[in-house]
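This report concerns only the one structure given below.
The values are calculated or read from the model by the stated rules, or taken from the named source; none is laboratory data. Only a predicted model underlies this, so the values are computations on that prediction, with no experimental measurement involved. Positions of Cβ are generated from backbone atoms using ideal geometry, with glycine treated the same way; all protein chains shown enter the neighbour counts. Surface accessibility is based on the protein's heavy atoms, side chains included, excluding ligands, DNA and RNA. Shrake-Rupley method; radii C 1.70, N 1.55, O 1.52, S 1.80 Å.
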Amino acid sequence: MYDDLYGQLQVLEREDAPFSQEDRLRAAGRPLLYWYGKYARKLPWRENKDPYRIWISEIMLQQTRVEAVKPYFQRFLEAFPDIPSLAAAEEDRLLKLWEGLGYYSRARNLQKCAKVLTEDYKGQMPADYGALLKLPGIGSYTAGAIASIAFSIPVPAVDGNVLRVVSRLTANREDMTKPAAKKKIEALLAGTMDRMRPGDFNQALIEVGAVVCVPNGEPKCMVCPLASLCLAKRDSLWREIPFKPPKKERRLEKRTVFIVEQGGRIAIRKRPPKGLLASLYELPNVEGELPEESVAQALGLQAKEIIDTEMLPAAKHIFSHVEWNMTGYYVTLAGEPDAGKNERKDWIFVEKEQLKGQYPLPNAFQAYRKFIT
Ligand code: ADE
């Protein structure tokens, strides 16, 4: 009976003596931890407190949903079971394992960081928040998550979930995309968070944000351990908090993508080491929406080299700052590809199987990939 009465564990607020922000967060600790102990999802990275696992999972979970991360996490750990093996990984293999997760600089930074850890920290994560913060690809959120979850250091780990929960709890209308607003929340939590179980405290806030105080749509206040403390719930403010600044428009870009087949092989090329989708492979593509008559010229081919050109359906891919609106052509070439790299272009002709297993091809080309059978 008492099991679900979070009130049993709470300090009650009196109407004539409202809580300060600090009081409200301190009062949130026990119901949060109680709820987390009872309802936390069983997730692969919660099986133990290995700092390497915590690190990899937290990086993958940035900008990616839990369900999408699970299979990547397992495969990644099988391929690179520890920091030295990640440091020594071949870049194509690393990016192939990341294929589909997006935001590939995360994978590159993981490896950069693994190299620093191997050289300077004997292949171990330092149990020190300040040292973690200095590592490549590790910001205050990730450093806080590793320090608190793996090493029980009482520092906050503030991601979008936590910002949403805390801003609603305290009816804070600031723009949380501003670094100064986030810093204030970090300071507030640093002074009020549970000091005995900091890792559980942080994960509980993340968990409430992920499954109860959800990012899209109405929060599930009926099952929230913080409902009786929450000012946004009291005043029906979930639509207004967290405050969302107007979205920046994405740049629209038209591209034409080619599946070029020759002798059963497919042409791909490696993207430059800097910029969008750096160092990944791609199907040949050019800017603009090309009509069929321009295909040969765009590919630098003579019309007689092409046996067949077939138009493919239009497709769209949304990056964070750019949107590609794509047209596609399946172009079949006469003859056989030259061995290895085609010198005339930066194309590499690969077997269809190799494309599946070896070369990292980003999601942007997913819509066309299914025509390669
Ligand atoms: N999102 C970010 N970190 C997470 C974690 N540790 N568990 C579940 N979802 C998360």
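Among residues belonging to the range 16-45 that are near the ligand (Cβ under 10 Å from one of its atoms) and part of a loop (DSSP other than H, G, I, E, B), point out the one that is least open to solvent (accessible area, probe 1.4 Å). Going through the qualifying residues, I end up with Leu43.
Can you find even one residue in the range 66-81 that is within 25 Å of Gly199 (Cα to Cα) and either touching an Asp or Glu at 6+ places or on another chain (Cβ under 8 Å) or outside the structural domain of Pro215 (by TED's automatic domain parsing) (or both)? No, the range 66-81 has no match at all. Pairs linking a residue in the range 190-219 that is without any contact (Cβ under 8 Å) to a residue 60 or more places away in the chain and within 18 Å of Ala147 (Cβ to Cβ) to a residue that is more than 10 Å from the ligand (Cβ to nearest atom) and open to solvent by less than 10 Å² (accessible area, probe 1.4 Å), with Cβ atoms under 7 Å and 6 or more positions apart or on different chains, are Pro198/Ser148; Asn202/Gly144; Asn202/Ser148. In the range 141-164, the residues that are within 9 Å of the ligand (Cβ to nearest atom) reach residues that are assigned to a loop (DSSP other than H, G, I, E, B) and open to solvent by less than 10 Å² (accessible area, probe 1.4 Å) with C-beta atoms within less than 8 angstrom, at least six apart or across chains, in these pairs: Tyr141/Ala157; Tyr141/Val158; Ala145/Ala157; Ile149/Ala157.
Does the range 60-76 include one or more residues that are of a type in the set (D, E, K, R), open to solvent by 10 Å² or more (accessible area, probe 1.4 Å), more than 16 Å from the ligand (Cβ to nearest atom) and touching a Pro at 6+ places or on another chain (Cβ under 7 Å)? Checked against the condition, which is being of a type in the set (D, E, K, R), open to solvent by 10 Å² or more (accessible area, probe 1.4 Å), more than 16 Å from the ligand (Cβ to nearest atom) and touching a Pro at 6+ places or on another chain (Cβ under 7 Å), the range 60-76 yields no hits at all. Scoring Phe243 on the criteria (1) surrounded by fewer than 16 Cβ atoms within 10 Å (Cβ to Cβ); (2) within 16 Å of the ligand (Cβ to nearest atom); (3) among the hydrophobic types (A, V, I, L, M, F, W, C) leaves a single failure, condition (2). Strands (runs of 3 or more DSSP E) fully within the range 248-358 that include at least 3 residues being open to solvent by less than 40 Å² (accessible area, probe 1.4 Å) and either of a type in the set (A, V, I, L, M) or at negative phi (or both): 251-262, 265-270, 306-318, 322-333, 347-350.
Restricting the search to helices (runs of 4 or more DSSP H) fully inside the range 98-210 and requiring at least 2 residues that are of a type outside the set (Lys, Arg), out of contact with any helix residue (DSSP H, G or I) (no Cβ under 6 Å at 6 or more places or on another chain) and surrounded by fewer than 20 Cβ atoms within 10 Å (Cβ to Cβ) gives 105-120, 129-133, 179-192. Of all residues in the range 46-62, those that are assigned to a helix (DSSP H, G or I) have Cβ atoms under 9 Å from Cβ atoms of residues that are open to solvent by less than 40 Å² (accessible area, probe 1.4 Å) and of a type in the set (Lys, Arg), 6 or more apart or on another chain, in Ile59/Arg106; Met60/Arg106. Where residues in the range 77-92 are among the hydrophobic types (A, V, I, L, M, F, W, C) and farther than 11 Å from Arg108 by Cα, which of them is most open to solvent (accessible area, probe 1.4 Å)? Checked the range 77-92; the qualifying residue most open to solvent (accessible area, probe 1.4 Å) is Ala88.
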